[in-house]
Amino acid sequence: MTMTDNRPNTVVGTRLLRREDPALLTGEGKFTNDLSIPGALHLAVKRSEHAHARIVNIDTTLAAALPGVVAVYTGADLESLWAAPMPCAWPVTPDMKNPVHYPLAVSKVHYVGDGVVAVLATSETISRDALDLIEVTYEVLPAVVDLDEALSDKVILHEELGTNSSYTWPLLIESTPGCVEEAFKNAAYTVKERYVQQRLIPMAMEPRAIAAVPQPFGGDVTMYSATQVPHILKVMAALTLGIPEHQLRIVAPSVGGGFGSKLDVYAEELLCLALSRKHNVPVRWVEERSENAHATIHGRGQIQHVELAADSDGKLTAVRFRIIADMGAYLQLVTPGVPLLGAFLYAGVYNLPQAYDFSCTGVFTSLTPTDAYRGAGRPEATYAIECGMDALARKMNIDPYELRKRNFIQKEQFPYTAFSGLTYDSGDHALAAEKATQMADYAGIREQQKTQNVPGAAKRIGIGMASYFEMCGLAPSRVLASLNYGAGGWEAATVRVLPTAKVQVVTGTSPHGQGHETSWAMIASEKLGIPVEDIDVLHSDTAIAPLGMDTYGSRSLPVGGVAIAGACDKVIEKARLIAAHQLECAADDLEFANGLFSVKGSPDRSLPMAALAFAAFTAHNLPDGLEPNLEAQYTYDPPNFSWPFGTHICIVEVDVETGKVQVLKYVAIDDCGNQINPLIVEGQVHGGVIQGLAQALFEEAVYDSDGNLKTTTLAEYLVPAASDVPSIITGHTITPSPTNQLGVKGVGEAGTIGAAPAVMNAVIDALSGLGVTSMAMPASPQTVWRTIQQAKK
């Protein structure tokens, strides 16, 4: 059953305003730290000021004596509370090295910000004041900040492991043994590049916050957390603390952004849970902004060695990638798997033969742990291949767009079985690129460059493009099993038509800005023929929605939304049986449209969904054996990933004297299949583009050689202001996914994936006439100016 079978007057595809926004705009939204919890104790955490050190002694005497302080705990004090170490759910290789760590360090700290002592007090102010009274004596050890230095093992951070390498994950796919090396040997053109994906701090608008509230008796506890993953957090917390899972309830109230940084199981969550049970009182914690820079995961952090081989026409014949990925000090929930989420995408949208050589080595450093950040492995892969394609075009002295056209997977090749064996279900890369170049006036900019980018010009103009494929949805479950991922990729939904014909949609996804309440109601309205305003969407509470795999990886719509459609189908089929019984006809003789069942050929014989919902409630006249009430649960496990794609183009002007980059125009053409709500799609693309542009031009987590983070506040860590954001022109092509009934694909990370390489290719293009062929991110004025000066030498 397709999305528009049921309704002549469609809701899907309309620009419906988000129902979530009024509460947020009027201050009525309740975030975790807004919750009033009488009698709660406040947790504060004393953190290490050293990146690598042994704990020699901890003196908590003065802190414990401070009025209002209820308890002070070291890591050793709490060891008996943990049933297992902090969880890592993705052991990517059988021999992966994973250092044991607990919510508080016991004998050694491994990054600035590592938790050492927990304080409970009657107010937040007192708990933080107490931290200043704690004396910790350290034996300071050498820090390891540089990835190449970490690989050398000159200083081993976790002695019990014997190395700083966590794993090496190879992916060598050859049609015949040795064909990759042979392709490079015989290539007409080769390029060899080195790119750095700098560390990024997610900087969600709302820092993390937690409140654990135990029941007076019985051992049950409810935890409110600014998390993306209440269901996963529930399972992992139960395992780590040894608490029966049915005694845990996790609620994610309004959540002010996540971008992957709240897709984790954090020490503070476990501390609040454990200490609330120990003291049998609520325990809460809220993160300060500078604390967030240390204690919440970072994103990216890679060195990429990129090699491309091509024939005389520029067609790719082989690719080789060597990735060094910064794990940070410890492995968090999915840390080791993040770089591998892009492992199959380093050939991009191009028709590559089976000559693919990829390897990723995960390395420990003395820095904050890394984990998923918007795009999670896919932006890194796209950056490598798209900047590599521009490098190849420069070597061949042809236009980068022309090179891409020669290599695109063509529309008629879909569904396309890639070199990896994965099936790309649908696509039209040439059309997306053509549309993007037309909207950006690509040919006009090339003409403008001939007159503007002349010797002595103070400002030079550049145009860059990036075409991307995204492998999203993080499903099917069997594929995840083959990658040793510790969970499934399914999603669950329940649709309940109440006696008064109002609808409850219960979803296992957990939104934090994506607009699920609006979009999910639109899907149910489209299916059931019930007005969208009569549909309520319930989520983010494991007591209300006990089944779910939460929100990340652009999975919510292509997995969770499809689950809702499937649950609606089951409700419709049950209602059909009741209607057939009451109309005294065969179920197959009924048509359903616009919320009304009618007998084929006799439209006057009909029953609306409202009447059937009440009939199911009273159960006075149901078919024999049919259960009362009109509701259904559906769990959807996709048969394939979803494959959104697109082309982004950026036009910049670079001031040669100051190094300042001004983005003049940005065009994003994205294909996410059928769009449920184009307004929300545009918002997702805009936000993603800004975060990708931020990596290209603004953001970097900067450490000194001793492992001290120098960018701990928004005064040092630059994020774009509204005045820094260019006009973003969005457009789309529509290539419905053939693998799900809605024909949808993900879109939440698309902008981030396309933006950074498009921007950086544009900057390098502007300066290519000055001899610039590469540039580090972020392309700040200082970096651009220095690069120009170096090119002059």
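The values are calculated or read from the model by the stated rules, or taken from the named source; none is laboratory data. Note that the structure is a prediction, hence the values are computed from the model and not measured. Methodologically, a virtual Cβ is constructed for each residue, glycine included, from the backbone with ideal geometry; neighbour enumeration extends over all protein chains shown. Only protein heavy atoms, including side chains, enter the accessible area calculation; ligands, DNA and RNA are left aside. Shrake-Rupley method; radii C 1.70, N 1.55, O 1.52, S 1.80 Å.
Can you confirm whether the stretch 259-275 contains a residue that is out of contact with any helix residue (DSSP H, G or I) (no Cβ under 9 Å at 6 or more places or on another chain), of a type in the set (A, V, I, L, M) and assigned to a helix (DSSP H, G or I)?
no
Scan the stretch 206-229 and report the pairs whose first residue is without any contact (Cβ under 8 Å) to a residue 60 or more places away in the chain and whose second residue is among the charged types (D, E, K, R) and open to solvent by less than 30 Å² (accessible area, probe 1.4 Å), with Cβ atoms within less than 8 Å and a gap of 6+ or a chain change.
Short answer, once both residue conditions are applied: 223/269.
Return yes or no: is residue 631 assigned to a strand (DSSP E or B), under 30 Å from residue 787 (Cα atoms) and at pLDDT 95 or above?
no
Out of 85, 142, 91, report the one residue that is more than 25 Å from the chain's Cα centre (by Cα) and open to solvent by 20 Å² or more (accessible area, probe 1.4 Å).
The conditions single out 142.
Could you check, for the stretch 309-329, whether at least one of its residues is buried (at least 24 other Cβ atoms within 10 Å of the Cβ), in a loop (DSSP other than H, G, I, E, B) and touching a residue at least 40 places away in the same chain (Cβ under 8 Å)?
Yes, because at least one residue in the stretch 309-329 is buried (at least 24 other Cβ atoms within 10 Å of the Cβ), in a loop (DSSP other than H, G, I, E, B) and touching a residue at least 40 places away in the same chain (Cβ under 8 Å).
Among the residues of the stretch 695-720 satisfying the criterion of being of a type in the set (A, V, I, L, M) and open to solvent by less than 50 Å² (accessible area, probe 1.4 Å), which is farthest from residue 472 (Cα to Cα)?
709
Is it true that some residue in the stretch 491-498 is over 16 Å from residue 566 (Cβ atoms), surrounded by fewer than 23 Cβ atoms within 10 Å (Cβ to Cβ) and modelled with pLDDT of 95 or more?
yes
Could you identify the single residue in 417, 423 that is open to solvent by 40 Å² or more (accessible area, probe 1.4 Å), touching a residue at least 12 places away in the same chain (Cβ under 8 Å) and either within 28 Å of residue 173 (Cα to Cα) or under 23 Å from the mean Cα position of the chain (by Cα) (or both)?
Checking each option against the conditions leaves just 423.
Please pick out the residue among 219, 115, 162 that is modelled with pLDDT of 95 or more and on the phi > 0 side of the Ramachandran plot.
Selected residue: 162, the only one of 219, 115, 162 that is modelled with pLDDT of 95 or more and on the phi > 0 side of the Ramachandran plot.
Looking at (1) part of a loop (DSSP other than H, G, I, E, B); (2) touching a strand residue (DSSP E or B) at 6+ places or on another chain (Cβ under 7 Å); (3) aliphatic (A, V, I, L, M), which is the only condition residue 714 fails?
Tallying (1) part of a loop (DSSP other than H, G, I, E, B); (2) touching a strand residue (DSSP E or B) at 6+ places or on another chain (Cβ under 7 Å); (3) aliphatic (A, V, I, L, M), residue 714 fails exactly one: (2).
Of the conditions (1) open to solvent by 60 Å² or more (accessible area, probe 1.4 Å); (2) of a type in the set (Phe, Trp, Tyr); (3) in a strand (DSSP E or B), residue 195 satisfies every one except a single condition; which number is it?
Here residue 195 clears every test but (1).
Filtering the stretch 283-308 down to residues that are open to solvent by 20 Å² or more (accessible area, probe 1.4 Å) and not β-branched (Val, Ile, Thr), which residue is farthest from residue 213 (Cα to Cα)?
307
Identify all residues within the stretch 588-628 that are assigned to a loop (DSSP other than H, G, I, E, B) and either touching a residue at least 12 places away in the same chain (Cβ under 8 Å) or under 30 Å from residue 424 (Cβ atoms) (or both); write none if there are none.
594, 595, 621, 622, 623, 626, 628
So for the stretch 558-577 (the condition being without any contact (Cβ under 8 Å) to a residue 24 or more places away in the chain and surrounded by fewer than 21 Cβ atoms within 10 Å (Cβ to Cβ)), does at least one residue qualify?
Yes, the stretch 558-577 contains at least one residue that is without any contact (Cβ under 8 Å) to a residue 24 or more places away in the chain and surrounded by fewer than 21 Cβ atoms within 10 Å (Cβ to Cβ).
Looking at (1) touching a Pro at 6+ places or on another chain (Cβ under 6 Å); (2) aromatic (Phe, Trp, Tyr); (3) more than 23 Å from residue 258 (Cβ to Cβ), which is the only condition residue 330 fails?
Unmet condition: (3).
Among (1) β-branched (Val, Ile, Thr); (2) in contact (Cβ under 8 Å) with a residue 24 or more places away in the chain; (3) open to solvent by 20 Å² or more (accessible area, probe 1.4 Å); (4) not in a strand (DSSP E or B), where does residue 168 come up short?
(4)
Residue by residue through the stretch 24-33, note down the ones that are in contact (Cβ under 8 Å) with a residue 40 or more places away in the chain, loosely packed, with under 15 Cβ neighbours inside 10 Å and out of contact with any Ser or Thr (no Cβ under 6 Å at 6 or more places or on another chain).
Matches in the stretch 24-33: 24 only.
Which members of the stretch 501-513 meet the condition of being touching a Gly at 6+ places or on another chain (Cβ under 7 Å) and surrounded by fewer than 24 Cβ atoms within 10 Å (Cβ to Cβ)?
Within the stretch 501-513, 512, 513 qualify.
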